[in-house]
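Got a structure for you, written out below as structure tokens; questions coming shortly.
The values are calculated or read from the model by the stated rules, or taken from the named source; none is laboratory data. Since this is a predicted model, take the numbers as computed values, not measurements. Here the Cβ is made from the backbone with ideal geometry for all residues, glycine too, and neighbour counts use every protein chain on show. When the accessible area is computed, the model is the full protein with side chains, heavy atoms only, and any ligands, DNA or RNA have been set aside. Shrake-Rupley method; radii C 1.70, N 1.55, O 1.52, S 1.80 Å.
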Amino acid sequence: MSLSGKRLSKRLEANVDEIKQRLGSSDDLIVKSMTGLQGWHGVLVYIDGLTDSTIIHHSILDFLMSENQASARNSVMSGSDTLHYIKETVLAAGEVTIIEDYDKLFLNLLSGVAILLLEDCEECLAIAAEGWKDRNVSEPTSQGVVRGPMEAFTENIRTNTALIRRKIKDPQLWLVGRSIGSVTQTNVAVMYLNEIAEKSLVDEVFRRLDKINIDGILESGYIEEFIQESSYSPFPTVYNTERPDTIAAGLLEGKVAILVDGTPFALLVPALFVQFFQSAEDYYQRADVSTLLRLLRYVSFLITMLAPSVYIAITTFHQEMLPTGLLINLAAQREGVPFPAFVEALLMEVTFEILREAGVRMPKTVGQAVSIVGTLVIGQAAVDAGIVSAVMVIIVSITAISSFVIPAVNISISVRMIRFGLMGLAASFGLFGILMGVILLVLHLNTLKSFGVPYMQSLAPFVWEDQKDTLFRFSWKNMRTRPLATGVRNLVRQKKATDLTK
């Protein structure tokens, strides 16, 4: 039975029966009856495990049953007057609000809020008493750095927003909440710097969030799929991270952050292609070191995407490109291999993907050992058995290691998917097939957008001012303005050096 808009009853027993019926008289539903010294009769309702027992007993029950209220007011009051009196005078809890309908009552009750109902009153009090157990702030597991903050988001949305506010102590950092999911009623927070973020971008974020119509949101990946630009592209158009400093840096560049309760991964929009190759550590090391590491990531990206397909193309169609000595060596290795180069590469790549996935899903104590030992043992055994050549094992190993250099896991997965398509083109058309696949890939990248911003912004269309933080990372003294990609309202990041001395 739907309770949409249904108001509370004046009868206390009817309200309690409605709550019990809707929750199936669940064992964790606590209903405590009480009678005040002024003669009022009420019930305190809360969910065991979602509330803080210290707040319940010391900030609510002790004050409700205290004799201080008896001498404070001796006149006879109605149920509604008593409720307001308790709210304003008796309770010491921090946040107390008045609720008039069942929808808000259940939303607050199942969010860890204690509900106080009184006889002869069509309103109730929602008393903040949240206190469920959550994970402590720990080190990032998927985006680690050598130098930089060693803290990551948790599953508690309030902890996550606090971690961001610790880094940006500006009143212009605005937070707007949403409740998404008709059943889960998941809390979603949108954070942005009002003086920097473009208003049209903020409005577009809220428009897409408000269009989501689903019964449950359990992770930020749900939100990501609903608000992303294209559902059929292998490239992610929404950036996700578990690092508060990465979110803070994005906010300072005019981007919008979306945090979801119950997950340590926050979303950042708009997302650009070059952003997935930037690590938080790039901005904590010297500019020259960061530039070298960033260029290394782009080289690793190309190796991950092209190495197996180039090997297949050369050994199948373009042997004349190899030096004679190397060609003879490869031919000798492949003499006993029964499969063509494409099948050989496909077999090894699929095997390694299986080992990689097994290492992730297995317990941490044995997962890494299985992936490493399994790769070495299977690779060596395959070479000894004459199923694959030794050079193929080398190619697959270099490709796999290069994929781990890319900071963002989701773009790394995208490259691994594309690699198989390029291998098929290389087996069919050689280097011409690879060239055709790369051209189609570049064309596809240039058609993508993220919240109205071209996905290849800074490179295509080429923006000279943004090159200071794209392929290269200039020193902070030279990055006086914010990137133009997101169309920020306040372009100036820092004053000129001559102005700082005044």
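In the list Asp288, Asp245, which residue meets the criterion of being among the acidic types (Asp, Glu), out of contact with any strand residue (DSSP E or B) (no Cβ under 7 Å at 6 or more places or on another chain) and open to solvent by less than 20 Å² (accessible area, probe 1.4 Å)?
Of the residues listed, the single one that is among the acidic types (Asp, Glu), out of contact with any strand residue (DSSP E or B) (no Cβ under 7 Å at 6 or more places or on another chain) and open to solvent by less than 20 Å² (accessible area, probe 1.4 Å) is Asp245.
Follow-up question, since we're still on this one. Report, ordered by the first and then the second residue, all pairs with beta carbons closer than 6 Å, sequence separation of six or more or different chains, a first member in the range 89-117 that is under 24 Å from Ser25 (Cα atoms) and in contact (Cβ under 8 Å) with a residue 40 or more places away in the chain, and a second member that is of a type in the set (Ser, Thr, Tyr) and assigned to a loop (DSSP other than H, G, I, E, B).
Close Cβ pairs (under 6 Å, with a partner that is of a type in the set (Ser, Thr, Tyr) and assigned to a loop (DSSP other than H, G, I, E, B)) do not exist here.
Let me ask something additional. Is it the case that some residue within the range 86-98 is modelled with pLDDT under 85, over 30 Å from Ile157 (Cβ atoms) and open to solvent by 70 Å² or more (accessible area, probe 1.4 Å)?
Yes, the range 86-98 contains at least one residue that is modelled with pLDDT under 85, over 30 Å from Ile157 (Cβ atoms) and open to solvent by 70 Å² or more (accessible area, probe 1.4 Å).
Any idea which residue in the range 13-40 is most open to solvent (accessible area, probe 1.4 Å), counting only those that are assigned to a strand (DSSP E or B) and at pLDDT below 85?
Only one residue tops the list, namely Thr35.
Among the residues of the range 268-285, which ones are open to solvent by 10 Å² or more (accessible area, probe 1.4 Å) and either under 15 Å from Val205 (Cα atoms) or among the aromatic types (Phe, Trp, Tyr) (or both)?
Within the range 268-285, Phe273, Tyr283, Tyr284 meet the criteria.
Could you list, in sequence order, all residues of the range 458-468 that are free of Cβ contacts under 8 Å to residues at least 24 places away in the same chain and not aromatic (Phe, Trp, Tyr)?
Ala460, Pro461, Val463, Glu465, Asp466, Gln467, Lys468
While we're here: Need the failing condition index for Ile115 against (1) part of a helix (DSSP H, G or I); (2) touching a Phe, Trp or Tyr at 6+ places or on another chain (Cβ under 9 Å), just the number.
(1)
Another question, then. Considering every residue within the range 152-167, establish whether at least one is modelled with pLDDT of 85 or more and over 17 Å from Thr241 (Cα atoms).
yes
Pull up the range 41-52, narrow it to residues that are surrounded by 13 or more Cβ atoms within 10 Å (Cβ to Cβ) and either modelled with pLDDT under 85 or of a type outside the set (A, V, I, L, M) (or both), then point me to the one that is farthest from Phe106 (Cα to Cα).
His41
Can you pull out the residues in the range 426-454 that are small (Gly, Ala, Ser), farther than 18 Å from Gln275 by Cβ and touching a residue at least 12 places away in the same chain (Cβ under 8 Å)?
Ala426, Ala427, Gly430, Gly433, Gly437
Listed residues Tyr311, Tyr298; which is among the hydroxyl-bearing types (Ser, Thr, Tyr), closer than 24 Å to Ile401 by Cα and surrounded by fewer than 20 Cβ atoms within 10 Å (Cβ to Cβ)?
Tyr298
Let me ask something additional. Yes or no: the range 329-339 includes at least one residue that is free of Cβ contacts under 8 Å to residues at least 12 places away in the same chain and within 14 Å of Thr399 (Cβ to Cβ).
For the range 329-339, residues free of Cβ contacts under 8 Å to residues at least 12 places away in the same chain and within 14 Å of Thr399 (Cβ to Cβ): absent.
Related question: Pairs please, first residue from the range 21-44 and among the charged types (D, E, K, R), second anywhere and exposed (fewer than 15 other Cβ atoms within 10 Å of the Cβ), Cβ atoms under 8 Å, 6+ apart in sequence or on different chains.
Correct list of pairs: Arg22/Leu3; Asp28/Asp48; Asp28/Gly49.
Please find, within the range 251-267, the residue that is nearest to Ala152 (Cα to Cα) out of those that are of a type outside the set (A, V, I, L, M) and surrounded by fewer than 23 Cβ atoms within 10 Å (Cβ to Cβ).
The residue in question is Phe265.
List the helices (runs of 4 or more DSSP H) that sit entirely inside the range 354-470 and contain at least 3 residues that are of a type outside the set (Ser, Thr, Tyr), at pLDDT below 90 and open to solvent by 10 Å² or more (accessible area, probe 1.4 Å).
364-384, 390-403, 409-429
What are the pairs with Cβ atoms under 9 angstrom where one residue, in the range 383-397, is farther than 12 Å from Phe339 by Cβ and the other, located anywhere, is of a type in the set (D, E, K, R)? Sequence gap at least six, or different chains.
Short answer, once both residue conditions are applied: Val391/Arg334; Val396/Glu349.
Write out, first by first residue and then by second, each pair whose Cβ atoms fall under 7 Å of each other, whose residues are 6+ apart or on separate chains, and whose first residue, in the range 236-256, is within 20 Å of Ser142 (Cβ to Cβ) while the second is open to solvent by 10 Å² or more (accessible area, probe 1.4 Å) and assigned to a strand (DSSP E or B).
Listed by first residue and then by second, the contacts come to nothing, as the list is empty.
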